[in-house]
Amino acid sequence: MSVDARQSLLCWYAVDKRRLPWRAEAGERADPYRVWLSEIMLQQTTVAAVKPYFERFTTKWPDVGALAAADEADVMREWAGLGYYARARNLVACARVVAGDHGGRFPDSEAALLKLPGIGRYTAAAIAAIAFGRRAVVIDGNVERVVSRLYAIATPLPAARAEIRARTDALTPDEGAGDFAQAMMDLGATICTPRRPACAICPLRPHCAAFHEGDPERYPVKPPKAARPRRTGTAFWLEHDGHVLLVRRPASGLLGGMLALPTESPAQAKWTDAGAVDHVFTHFALTMTLSCARVDARPEGLWWPIERIGEAGLPTLFARLAERGLAWREAAAQAA
Ligand code: SF4
């Protein structure tokens, strides 16, 4: 990209950038806490899904010190529904390291940021560039797409990543790397979209190899898709006196640390099959069947009032299973 092209991109960004709650206005300094929080939330999650969570988190925990002092279970509950729950546990761990070891201020270099829990290569670069104005090479899925189209990179992903990184590095300016990264991300999110990119209004069109070839959607070239394995399991809805039995899942592993329905039979009971829920995780698809029962003598455990089940902060899979449990309950009440 020539200096001219970069200039056109930045001019376009100055006028058309997305107004996002975590973004500083022109002339304001970005708040590293808000940049960090938004970047963690945005991993594998859309801007639209993140916005209400970001608003709630920053209202409840306005700075890193407040989040460091938060009860982890409370944070997990607020995170419920956003997915990839290891992020929430790392969020608290990271806030505590920043508060405890760095005097409540995020370190400003990529290398030091990389040492914090839950901060990987992309996030360290994004925070260093956006919050601290450091030169850093920031590559998310949007940047990957824009760069692979600009240069019509024919190598399939993931092998293409080395070339994409080298190209992005060469494009990144010494000053204003944060604006440049955000401009590339915005272009990818709003104009150079995965399908039907709006090349007609794109500031980079004169410089874009894929546009000149005539088929930009071809890039980035994807590897052949591997089939996602399917697993099955059973969850248990056990009721006693208006309460349902919940468990806290082990800290490590799938949906770690979250409240959930038990996935091993918690009691001897007359179990009824109440249907199944399909859910897709990153590496596999899961079909989970729900078994429901009521008991007179309740086993030890975490019994949650059924009428307040919506406040338990169940992750999406278990929230959907709980809806099935509620439907079973209503049907049983009508039949009685
Ligand atoms: S011209 Fe089209 S393909 Fe090229 S960067 Fe712009 S939107 Fe993307």
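Laboratory data are not the source of any read-out in this text; all were calculated from the coordinates shown. Note that the structure is predicted; figures quoted are calculated from it, not measured. In this analysis, Cβ positions are derived from the backbone assuming ideal geometry, glycine residues included, and neighbour counts consider all displayed protein chains.
Which of the numbered conditions does Ala136 fail, given that it passes all the others? Conditions: (1) under 13 Å from Glu39 (Cβ atoms); (2) under 21 Å from the mean Cα position of the chain (by Cα).
For Ala136, the exception is condition (2).
Restricted to the range 147-170, and to residues that are within 12 Å of the ligand (Cβ to nearest atom) and in a helix (DSSP H, G or I), which residue is farthest from Ala48 (Cα to Cα)?
Restricting to residues being within 12 Å of the ligand (Cβ to nearest atom) and in a helix (DSSP H, G or I), the top hit is Leu150.
Name the single residue that is farthest from Pro250 (Cα to Cα) among those in the range 43-74 being in a loop (DSSP other than H, G, I, E, B) and of a type in the set (Gly, Ala, Ser).
Checked the range 43-74; the qualifying residue farthest from Pro250 (Cα to Cα) is Ala69.
Looking only at residues in the range 180-198 that are more than 8 Å from the ligand (Cβ to nearest atom) and more than 22 Å from the chain's Cα centre (by Cα), which one is surrounded by the fewest Cβ atoms within 10 Å (Cβ to Cβ)?
So the residue we want is Arg196.
For the range 237-294, give me each residue that is among the charged types (D, E, K, R) and part of a loop (DSSP other than H, G, I, E, B).
Asp241, Arg249, Glu264, Lys270
Let me spell it out: the conditions are (1) within 16 Å of the ligand (Cβ to nearest atom); (2) over 21 Å from the mean Cα position of the chain (by Cα); (3) assigned to a helix (DSSP H, G or I); (4) within 30 Å of Phe284 (Cα to Cα), and Val143 meets all of them except one. Which number is the exception?
So the condition that Val143 fails would be (2).
Residue check: is Ala136 in contact (Cβ under 8 Å) with a residue 60 or more places away in the chain and either among the basic types (Lys, Arg) or buried (at least 19 other Cβ atoms within 10 Å of the Cβ) (or both)?
No: the conditions fail for Ala136.
From the residues in the range 199-217 that are within 6 Å of the ligand (Cβ to nearest atom) and without any contact (Cβ under 8 Å) to a residue 40 or more places away in the chain, which one is farthest from the chain's Cα centre (by Cα)?
Arg205
In the list Arg105, Arg77, which residue meets the criterion of being of a type outside the set (A, V, I, L, M, F, W, C), touching a residue at least 60 places away in the same chain (Cβ under 8 Å) and assigned to a helix (DSSP H, G or I)?
Arg77
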